[in-house]
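The values are calculated or read from the model by the stated rules, or taken from the named source; none is laboratory data. Since this is a predicted model, take the numbers as computed values, not measurements. Virtual Cβ from ideal backbone geometry, glycine too; neighbours counted across all protein chains shown.
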């Protein structure tokens with residue numbers, strides 16, 4: 001074997017070993033939150049990630065760690081990412097993104113404290129929506145900035161939902177917006193009931209008797225619904241039987257017969273009374 | 001036009017009606033049975049409603065994901081130790097087979113392989129003299145793995161399949177329709193014949 005061939009084989013072996021061990025021997029960068037082994041991020045992006053993390057730590061102790069390398073080597077991206085997360089002991093409510101610029105693969109892993117609220121499907125969604133398009137185009141600064149921004153928004157929403165940092169007023173507004181149709185329906189029902197109650201009171205006021213208690217089910221058929229308004233004026237009286245003609249015979253009592261109405265008490269049953277023509281609603285309040 | 005007059009007769013109408021009913025009934029039965037079988041199998045991914053307990057259990061697919069996550073955590077812990085190379089590689093490989101499994105039976109077989117690999121890994125782990133952090137990781141991931149396996153046993157999925165096969169597909173006329181139209185029963189989480 002020639003020297004040149006031997007040297008090239010040796011070089012390949014060394015590269016293979018170094019690539020395979022890169023994944024597992026990676027130390028966090030000096031800023032911890034950004035490890036840019038691939039050297040593709042600008043200083044502005046690094047500063048942005050660090051500033052987001054300082055706010056995040058104040059908010060909830062979370063962390064968003066970004067790792068960009070050239071190659072993962074023979075390691076699967078998920079194993080790489082989880083391994084780094086554990087080795088670097090990222091916070092339990094933190095996230096780590098690891099991506100390989102030359103292989104266009106990578107992913108997010110999160111701490112055990114937020115695994116339930118940020119499942120795998122959500123991780124994929126966020127990456128599809130905010131990261132991969134720019135990453136695949138080589139716009140690494142945009143990819144990282146967009147993703148970190150969206151993840152920070154998620155943290156804000158998540159910790160706001162859990163009752164940290166949201167005021168009563170904001171919760172009230174949120175409740176109203178979510179239930180707007182139900183609220184409109186309830187307001188309409190209330191308006192109908194109030195209008196009907198007003199009509200009910202006018203009805204009894206017109207009768208000149210004390211107003212009984214109104215119940216909301218009267219909108220379906222209370223006593224006031226059968227009131228058809230004031231009686232029309234009577235028509236002219238028919239003419240009498242002629243001037244000077246014979247009077248009709250009188251009754252035995254004074255002033256004609258009684259209409260049967262009576263305002264006092266009676267020992268009799270109600271059969272001999274006549275009221276205003278209404279009917280009981282059927283309800284009963286009292287002791288049975 | 002005279003030929004079309006035959007369609008005006010009652011006998012023709014009755015015959016057509018009978019034909020339509022004869023054709024539609026088995027077709028409708030086939031579609032219904034197929035749909036019902038599919039609904040049972042959907043329970044693998046969406047969870048099964050447990051009548052006696054009054055709630056929908058977590059899905060087998062979710063528990064398998066949990067088991068996979070746990071296995072990945074164990075692999076990352078084990079990869080720090082040369083003494084665990086073989087067990088780590090087997091666990092890694094078993095997990096890969098689960099991730100690439102398509103059918104329910106394939107997922108079952110992959111899970112069985114992962115369980116065996118987990119047991120071997122667990123037996124070998126103390127011998128690697130792990131650090132405190134790795135020991136904690138092992139404890140956490142092992143618990144998650146064990147819980148997911150236990151949850152799978154209580155998910156009610158296989159019971160729902162057995163109940164459907166015996167009470168619906170095993171009864172007349174579903175049994176006949178299934179035989180005529182070659183309708184497959186829902187896959188249980190196991191080795192299906």
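Residue check: residue A:143 meets all listed conditions (1) at pLDDT 95 or above; (2) away from chain B (no Cβ under 14 Å); (3) in contact with a helix residue (DSSP H, G or I) (Cβ under 7 Å, 6 or more places away or on another chain); (4) under 28 Å from residue B:61 (Cα atoms) but one, namely (4). Considering every residue within segment A:114-131, establish whether at least one is within 18 Å of residue A:39 (Cα to Cα) and surrounded by 14 or more Cβ atoms within 10 Å (Cβ to Cβ). The answer is yes; a qualifying residue exists. Going through (1) buried (at least 18 other Cβ atoms within 10 Å of the Cβ); (2) away from chain B (no Cβ under 14 Å) one by one, residue A:104 falls short only on (1). Filtered by the rule that a residue be closer than 13 Å to residue B:160 by Cα and either within 11 Å of the chain's Cα centre (by Cα) or within 14 Å of chain A (Cβ to nearest Cβ) (or both), segment B:49-79 gives B:59, B:60. Residue selection: residue B:136 fails the criterion of being under 26 Å from residue B:49 (Cα atoms), assigned by TED's automatic domain parsing to the domain that holds residue B:82 and without any contact (Cβ under 8 Å) to a residue 40 or more places away in the chain. The sole residue among B:91, B:99 that is without any contact (Cβ under 8 Å) to a residue 60 or more places away in the chain, buried (at least 21 other Cβ atoms within 10 Å of the Cβ) and within 14 Å of chain A (Cβ to nearest Cβ) is B:91.
When residue B:116 is tested against (1) within 24 Å of residue B:80 (Cβ to Cβ); (2) within 14 Å of another protein chain (Cβ to nearest Cβ), exactly one condition is not met: (2).
Residue selection: residue A:90 satisfies the criterion of being closer than 26 Å to residue A:139 by Cβ and away from chain B (no Cβ under 12 Å).
For segment B:124-133, the set of residues classified as in contact (Cβ under 8 Å) with a residue 12 or more places away in the chain and part of a helix (DSSP H, G or I) consists of B:124, B:125, B:127, B:128, listed by residue number. Only residues that are touching a helix residue (DSSP H, G or I) at 6+ places or on another chain (Cβ under 9 Å) and surrounded by 11 or more Cβ atoms within 10 Å (Cβ to Cβ) were counted in segment B:5-26, giving 4.
Restricting attention to segment B:58-79, does a residue exist that is free of Cβ contacts under 8 Å to residues at least 40 places away in the same chain, outside any helix (DSSP H, G or I), more than 21 Å from residue B:104 (Cα to Cα) and assigned by TED's automatic domain parsing to the domain that holds residue B:107? Yes, the conditions are met somewhere in segment B:58-79. For residue B:86, indicate whether it is surrounded by fewer than 20 Cβ atoms within 10 Å (Cβ to Cβ), more than 14 Å from chain A (Cβ to nearest Cβ), touching a helix residue (DSSP H, G or I) at 6+ places or on another chain (Cβ under 7 Å) and in a helix (DSSP H, G or I). No; evaluated as a whole, the condition is false for this residue.
Checking B:151, B:116, B:110 one by one, the residue that is under 29 Å from residue B:56 (Cβ atoms), in contact with a helix residue (DSSP H, G or I) (Cβ under 8 Å, 6 or more places away or on another chain) and surrounded by fewer than 20 Cβ atoms within 10 Å (Cβ to Cβ) is B:151 and no other. Among the residues of segment A:221-228, is there at least one that is at pLDDT 85 or above, in contact with a helix residue (DSSP H, G or I) (Cβ under 7 Å, 6 or more places away or on another chain) and surrounded by 10 or more Cβ atoms within 10 Å (Cβ to Cβ)? No, every residue in segment A:221-228 fails to be at pLDDT 85 or above, in contact with a helix residue (DSSP H, G or I) (Cβ under 7 Å, 6 or more places away or on another chain) and surrounded by 10 or more Cβ atoms within 10 Å (Cβ to Cβ).
Here is the figure for segment B:31-53: residues that are touching a residue at least 24 places away in the same chain (Cβ under 8 Å) and either assigned by TED's automatic domain parsing to the domain that holds residue B:64 or part of a loop (DSSP other than H, G, I, E, B) (or both) total 2. Evaluate the following for residue B:122: is it in contact with a helix residue (DSSP H, G or I) (Cβ under 8 Å, 6 or more places away or on another chain), away from every other protein chain (no Cβ under 14 Å) and surrounded by 15 or more Cβ atoms within 10 Å (Cβ to Cβ)? Taking the combined requirement at face value, the residue satisfies it. Taken over segment A:80-96, the criterion of being farther than 19 Å from residue B:136 by Cβ and out of contact with any helix residue (DSSP H, G or I) (no Cβ under 7 Å at 6 or more places or on another chain) is satisfied by A:81 alone.
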